[in-house]
């Protein structure tokens with residue numbers, strides 16, 4: 001039994017649709033993985049900034065405290081910028 005041009009076109013269209021769906025699933029999985037990475041990265045850097053703040057509070061040397069506190073603030077701001085930009089790109 002020979003296939004007609006309409007059957008061939010239908011088969012091609014079905015294949016194209018399955019490929020589109022698969023691509024959408026891959027993109028969605030990539031977005032989820034990217035979001036999970038950004039969340040883990042944010043959490044790790046927030047922990048570092050928390051540790052820096054603890055050190056700044058524990059030292060008796062004022063200039064060291066000032067520098068370490070500034071570093072903690074810088075770490076928080078950089079993290080905030082990086083993560084928000086990354087999340088915006090994942091949309």
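Below is a table of values for the structure above.
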| quantity | calculated |
| --- | --- |
| Modelled FRET efficiency - R0 41 Å, residue 58 with residue 88, Cβ distances, 0.05 increments | 0.65 |
| With Cα atoms, 0 to 90° folded angle of helix 5-58 axis to the chain main axis | 10 degrees |
| Relative contact order (%) - the chain, alpha-carbon pairs under 8 angstrom, separation at least six | 30 percent |
| Cα shape, segment 6-59, gyration tensor, a/c 1.5 rule | prolate |
| Within the chain, helix-based [θ] at 222 nm, where runs of 4 or more DSSP H residues each add -39,500 (n - 2.57), nearest 500 | -34000 deg cm²/dmol |
| Between 0 and 90°, nearest 10: helix 62-90 axis offset from the chain longest Cα axis | 10 degrees |
| Length released on extending from residue 73 to residue 23, taking residue separation times 0.36 nm less the Cα-Cα span | 14.0 nm |
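Computed from the coordinates by the stated procedures, all read-outs in this text should not be read as laboratory data. Here the structure is a predicted model, which is why all the values come from computation and not from measurement. Quick reminder, even Gly has a Cβ in these numbers, built from the backbone with ideal geometry, and neighbours come from all protein chains shown.
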